[in-house]
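Colleague: Take this structure, written in structure tokens, and hold onto it; I'll ask about it next.
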Amino acid sequence: AIPIPEKFSRTFFSHSLHSLSLWGINEQSLFPFPFSPRFHPCLHLQFCKKPSMSNPSSSWIAQFKPGDRVEISPHDRGFRGSWYAGTVVRREAKNTNRYVVEYDQLYEDESGEKLLQETLDWIQLRPPPPPPEKKVQFKFGDEVEAFYSDGWWEGALTAEHSGGKFAVFLRGFEEQIVFEEKDLRLPVQWVKGKWEPRFEQVQRENENSNCSKEVMKFTQGMQVEVLTDEDGLKGAWFAATIIEPSGEDKYLIEYKTLTNDDDTEFLREDIHACNIRPCPPEIIVVDGFKVMDEVDAYYNEGWWVGVIAKVLINCNYVVNFIEYDEKITFNQADLRPHQDWLNSKWVVPSDV
């Protein structure tokens with residue numbers, strides 16, 4: 001599941017809620033879920049139309065044919081966060097987006113005589129990822145997928161051993177295992193029919209140009225978003241204010257939503273400029289999001305990267321957080337189009 005910070009505060013909402021009440025907007029309309037406030041710094045306005053049922057082509061849906069080679073993401077307990085090789089047998093019915101697939105190395109029973117077949121939603125399938133364009137130099141802390149127990153499992157590289165071997169902590173097994181380099185790969189995402197690097201890879205590939213060459217300068221009082229490495233918060237961006245420079249390419253920042261252990265004041269930290277960015281520019285979404293759109297979801301006081309998995313009624317969406325293998329329903333007011341801060345400019349994923 002997505003980590004939940006132990007300490008957080010909604011103090012900064014109080015004055016805004018009072019003002020909004022004068023407009024006839026009550027707290028319940030803003031906070032339908034106890035954890036999901038919709039008024040926040042770096043506010044992004046959204047407009048929503050009802051999803052069109054008469055024009056299903058407005059949302060991208062992957063199409064597979066019998067015999068297509070695929071990777072399968074089982075949702076059974078104990079298999080989440082893994083991808084297994086298989087083949088499409090057939091579409092379940094003519095007008096559905098569910099497919100019967102057969103695994104290459106999973107069997108119906110312990111006898112191992114008959115390969116397992118399942119009927120799954122299209123979003124649980126993808127083509128086999130292409131091989132990397134160049135040799136990957138794995139390093140400590142990399143997010144990887146390791147081939148283990150007949151499938152590819154998400155993990156983090158924790159150590160490098162002699163002989164081209166690496167220790168990887170597999171989240172699904174809660175165990176550290178040593179792998180040969182040939183059994184590791186960098187995770188990629190299948191988005192609207194294209195392979196795209198995961199967020200961690202975009203960061204990794206741009207790390208040198210963003211940090212070692214030229215670092216953006218921030219000024220006192222500037223409103224920013226901060227990426228923290230703290231356990232339970234890693235991967236999310238949090239609203240903050242620049243207090244003052246605190247060293248070479250470092251700044252003392254004050255979070256707008258995270259508080260100290262005593263809940264007496266907002267948390268302050270020294271953060272490297274590489275993990276600070278301006279607030280993203282506002283993008284007005286008029287027609288709503290579509291399946292497979294990459295979004296940021298406001299959850300537990302921060303912005304988390306996810307993908308639209310399902311369009312519901314009343315401007316609600318099911319968002320798939322791939323890194324945590326978790327799906328959560330959000331209203332559109334808690335979502336914004338995902339943008340990346342690369343080389344001192346904002347780009348959308350399709351431009352990366």
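Colleague: Condition test on E282, is it surrounded by fewer than 16 Cβ atoms within 10 Å (Cβ to Cβ), farther than 17 Å from K139 by Cβ and modelled with pLDDT under 90?
Modeller: The answer is yes for E282.
Colleague: Is it true that E205 is at pLDDT 80 or above, among the charged types (D, E, K, R) and more than 16 Å from the chain's Cα centre (by Cα)? Let's see the steps before the verdict.
Modeller: On the way: at pLDDT 80 or above: no; among the charged types (D, E, K, R): yes; more than 16 Å from the chain's Cα centre (by Cα): yes.
Criteria not met by E205.
Colleague: Moving to a separate point now. Would you be able to tell me the number of residues in region 88-101 that are open to solvent by 60 Å² or more (accessible area, probe 1.4 Å) and either touching a strand residue (DSSP E or B) at 6+ places or on another chain (Cβ under 7 Å) or not in a loop (DSSP other than H, G, I, E, B) (or both)? Let's see the steps before the verdict.
Modeller: Taking region 88-101 and keeping what is open to solvent by 60 Å² or more (accessible area, probe 1.4 Å), we get 90-92, 94-95, 98.
Filter once more, so that each one left must be either touching a strand residue (DSSP E or B) at 6+ places or on another chain (Cβ under 7 Å) or not in a loop (DSSP other than H, G, I, E, B) (or both): 90-92, 98.
Residues flagged as open to solvent by 60 Å² or more (accessible area, probe 1.4 Å) and either touching a strand residue (DSSP E or B) at 6+ places or on another chain (Cβ under 7 Å) or not in a loop (DSSP other than H, G, I, E, B) (or both) within region 88-101 amount to 4.
Colleague: Find the residue count for region 119-137, including only residues that are open to solvent by less than 50 Å² (accessible area, probe 1.4 Å), part of a loop (DSSP other than H, G, I, E, B) and either polar (S, T, N, Q) or modelled with pLDDT under 90 (or both). Explain how you work it out, then say what you get.
Modeller: Let us first name the residues in region 119-137 that are open to solvent by less than 50 Å² (accessible area, probe 1.4 Å), namely 120, 122-127, 129, 136.
Next, only the ones that are part of a loop (DSSP other than H, G, I, E, B) stay: 127, 129, 136.
Those left that are additionally either polar (S, T, N, Q) or modelled with pLDDT under 90 (or both): 136.
Summing the residues that are open to solvent by less than 50 Å² (accessible area, probe 1.4 Å), part of a loop (DSSP other than H, G, I, E, B) and either polar (S, T, N, Q) or modelled with pLDDT under 90 (or both) in region 119-137 gives 1.
Yes/no matrix, rows are residues, columns are (1) of a type in the set (F, W, Y); (2) in a strand (DSSP E or B); (3) within 25 Å of G81 (Cα to Cα):
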| site | (1), (2), (3) |
| --- | --- |
| D287 | no, no, no |
| M292 | no, no, yes |
| A297 | no, yes, yes |
| W303 | yes, yes, yes |
| V307 | no, yes, yes |
| K310 | no, yes, yes |
| V318 | no, yes, yes |
| T329 | no, yes, yes |
| A333 | no, no, no |
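Colleague: Report, by residue number, each residue of region 311-322 that is under 14 Å from V191 (Cα atoms) and either out of contact with any strand residue (DSSP E or B) (no Cβ under 6 Å at 6 or more places or on another chain) or open to solvent by 50 Å² or more (accessible area, probe 1.4 Å) (or both).
Modeller: Step one: list which residues in region 311-322 are under 14 Å from V191 (Cα atoms), which gives 319-322.
Selection gives I322 alone.
Colleague: Moving to a separate point now. If I filter region 99-127 down to residues being touching a residue at least 12 places away in the same chain (Cβ under 8 Å) and among the aromatic types (F, W, Y), which single residue comes out as farthest from E294 (Cα to Cα)? Even if it seems obvious, please write down each step before you answer.
Modeller: Kept after step one, since they are touching a residue at least 12 places away in the same chain (Cβ under 8 Å), are these residues of region 99-127: 99-106, 115-127.
Filter once more, so that each one left must be among the aromatic types (F, W, Y): 99, 103, 122.
Values: Y99: 24, Y103: 28, W122: 17 Å.
If we take residues in region 99-127 being touching a residue at least 12 places away in the same chain (Cβ under 8 Å) and among the aromatic types (F, W, Y), then Y103 is farthest from E294 (Cα to Cα).
Colleague: Here's a follow-up. Quick check on region 335-347: of everything there that is assigned to a strand (DSSP E or B) and over 15 Å from the mean Cα position of the chain (by Cα), which residue is modelled with the lowest pLDDT?
Modeller: Restricting to residues being assigned to a strand (DSSP E or B) and over 15 Å from the mean Cα position of the chain (by Cα), the top hit is L342.
Colleague: Filter region 323-342 for residues that are of a type in the set (A, V, I, L, M) and buried (at least 19 other Cβ atoms within 10 Å of the Cβ); which is nearest to L227 (Cα to Cα)?
Modeller: Step by step, filter region 323-342, then rank; the result is L335.
Colleague: Name the pairs: first residue in region 153-166 and in contact (Cβ under 8 Å) with a residue 12 or more places away in the chain, second residue of a type in the set (S, T, Y) and open to solvent by less than 20 Å² (accessible area, probe 1.4 Å), Cβ to Cβ under 7 Å, at least 6 apart or on different chains?
Modeller: W153/S82
Colleague: Also, quick follow-up: Kindly indicate which of S82, S54, S73, S58 is at pLDDT below 80, among the polar types (S, T, N, Q) and open to solvent by less than 70 Å² (accessible area, probe 1.4 Å). Walk me through it before giving the result.
Modeller: Details: S82 fails: at pLDDT below 80; S54 fails: open to solvent by less than 70 Å² (accessible area, probe 1.4 Å); S73 fails: at pLDDT below 80.
It is S58.
Colleague: Can I ask one more? Do you know which of the residues in region 234-279 that are polar (S, T, N, Q) and in a strand (DSSP E or B) is most open to solvent (accessible area, probe 1.4 Å)? Break it down into steps so the answer makes sense when it comes.
Modeller: Keep residues of region 234-279 that are polar (S, T, N, Q), which gives 241, 246, 257, 259-260, 264, 275.
Then drop every residue that is not in a strand (DSSP E or B), which leaves 241, 246, 257, 259.
Details: T241: 26, S246: 54, T257: 1, T259: 13 Å².
Only one residue tops the list, namely S246.
Colleague: Also, quick follow-up: Is it the case that some residue within region 244-264 is over 21 Å from V215 (Cβ atoms), out of contact with any strand residue (DSSP E or B) (no Cβ under 6 Å at 6 or more places or on another chain) and among the small types (G, A, S)?
Modeller: no
Colleague: On to the next question. Can you tell me which residue among V215, V191 is modelled with pLDDT of 75 or more and buried (at least 16 other Cβ atoms within 10 Å of the Cβ)?
Modeller: On the way: V215 fails: modelled with pLDDT of 75 or more.
Exactly one of V215, V191 is modelled with pLDDT of 75 or more and buried (at least 16 other Cβ atoms within 10 Å of the Cβ), namely V191.
Colleague: Of all residues being among the acidic types (D, E) and open to solvent by 50 Å² or more (accessible area, probe 1.4 Å) in region 102-118, which is nearest to E154 (Cα to Cα)? Just the residue, please.
Modeller: Filtering region 102-118 for residues that are among the acidic types (D, E) and open to solvent by 50 Å² or more (accessible area, probe 1.4 Å), the one nearest to E154 (Cα to Cα) comes out as D104.
The values are calculated or read from the model by the stated rules, or taken from the named source; none is laboratory data. Note that this is a predicted model, so its numbers are computed, not measured. Reconstructed Cβ throughout: ideal geometry from the backbone, glycine too, with neighbour counts over all protein chains shown. The protein model used for the area step is the full one, side chains on, heavy atoms only, and it has no ligands, DNA or RNA in it. Shrake-Rupley method; radii C 1.70, N 1.55, O 1.52, S 1.80 Å.
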